[in-house]
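Remarks on the structure that follows.
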Amino acid sequence: MKKKIVRLLLFIYKNCKKSDLLKKVIKRIIGEDKIKVSFNGFLVQAGIRTSIESGVFFDNYNEVMVLELIKSYASKGYNFIDAGANIGLHSLTAANSNPDIEIYSFEPELFNYQQFVKNIILNDFVNIRPFKMGLGNLSDNKILNINEGWNKGKHSLKNNFAGSQKKINIPITTIDVFKYNINCNNLIIKIDVEGYEKEVIDGAESICRQTQNCIVIIELLEENNGLSICNEITHNLKNNNFNEIYKIIDDTSLCKVDNFKGSGDYVFLKGLDAKKNIENYTI
């Protein structure tokens, strides 16, 4: 009965009146529970106790352009590598857009991974291969710093978090390990790994070099990576013929840039087909 009430109130909130009072009532009723929520054309088990699930729950998840680009390129037959999959929104978007593509998803933290697998099963997607491990520039075991706060997407192999003492040992591998398994004619690579982006890129050199058409969507934050590393990542990708670069502005539009231009999500493009497909999204 409680979940039925929540679904009704949530329908009213999303379709009639997004009031703060109604939102507070919904939060109080749902508590620690989760319900099935429709998001981006598929279902997600979501509640309000983490930032990403809350964004799905209340329909205010912010990575609008990132998801739209994944949807667009996946629908055109681009396979997908998801580095830092969390509960799977990006991978699920790709799978829902095209059941015939291959999706390789990497999430090392147990809670996120379990939620991701539940969401795969919930939607009966059969083209997602979830790996409970991280990505880097070698095959090894590393210590993952766990963010015990509200944002469960900020666990990091590089950065510690104030007030969080939890650490876990995780296996990592490289994207290049899969270079003989993935069809690299057309490829999307999404990287959001809280400061470990350079290592992931270094471990994908062969795949980046051999791919004909590729779109790399990557979070580059000065506070996580440092300015010199952000510039180095940009330089390395440009040297691998990713010579068209865009920065995502306000989560909803793209602006063409020549180099790293401050913290944000960036899109690097290689190949004529990849560049052509982005024209409808630029400003």
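Data overview
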{"quantity": "Residue list for the range 217-235, filter: assigned to a loop (DSSP other than H, G, I, E, B) and either under 21 Å from Lys256 (Cβ atoms) or of a type in the set (Lys, Arg) (or both)", "calculated": "Leu221"}
{"quantity": "Pick from the range 83-111, criterion part of a strand (DSSP E or B) and out of contact with any Pro (no Cβ under 6 Å at 6 or more places or on another chain), ranking: surrounded by the fewest Cβ atoms within 10 Å (Cβ to Cβ)", "calculated": "Tyr104"}
{"quantity": "Complete set of residues in the range 215-250 that are touching a residue at least 40 places away in the same chain (Cβ under 8 Å) and within 18 Å of the chain's Cα centre (by Cα)", "calculated": "Ile215, Val216, Ile217, Ile218, Glu219, Leu220, Leu221, Asn224, Ile248"}
{"quantity": "Test result for His155, touching a residue at least 24 places away in the same chain (Cβ under 8 Å), under 24 Å from Asp250 (Cα atoms), buried (at least 18 other Cβ atoms within 10 Å of the Cβ) and touching a Lys or Arg at 6+ places or on another chain (Cβ under 6 Å)", "calculated": "no"}
{"quantity": "Filter pass, Glu53 being farther than 19 Å from Val267 by Cβ, outside the structural domain of Thr173 (by TED's automatic domain parsing) and of a type outside the set (S, T, N, Q)", "calculated": "yes"}
{"quantity": "Scan of the range 241-283 for residues that are outside any strand (DSSP E or B) and surrounded by 20 or more Cβ atoms within 10 Å (Cβ to Cβ), ordered by number", "calculated": "Phe242, Phe260, Ala274, Asn277"}
{"quantity": "Hits in the range 21-35 (condition: of a type outside the set (Val, Ile, Thr) and either surrounded by 14 or more Cβ atoms within 10 Å (Cβ to Cβ) or outside the structural domain of Ile48 (by TED's automatic domain parsing) (or both))", "calculated": "Leu22, Lys23, Lys27, Lys34"}
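To keep it simple, each residue is scored yes or no on (1) under 18 Å from Tyr78 (Cα atoms); (2) at pLDDT 95 or above; (3) acidic (Asp, Glu).
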residue: Lys154; (1), (2), (3): no, no, no
residue: Lys158; (1), (2), (3): no, no, no
residue: Ala204; (1), (2), (3): yes, yes, no
residue: Asn213; (1), (2), (3): yes, yes, no
residue: Ile218; (1), (2), (3): yes, yes, no
residue: Leu227; (1), (2), (3): no, yes, no
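The values are calculated or read from the model by the stated rules, or taken from the named source; none is laboratory data. From a predicted model like this one, the values you see are computed outputs, not experimental measurements. Quick reminder, even Gly has a Cβ in these numbers, built from the backbone with ideal geometry, and neighbours come from all protein chains shown.
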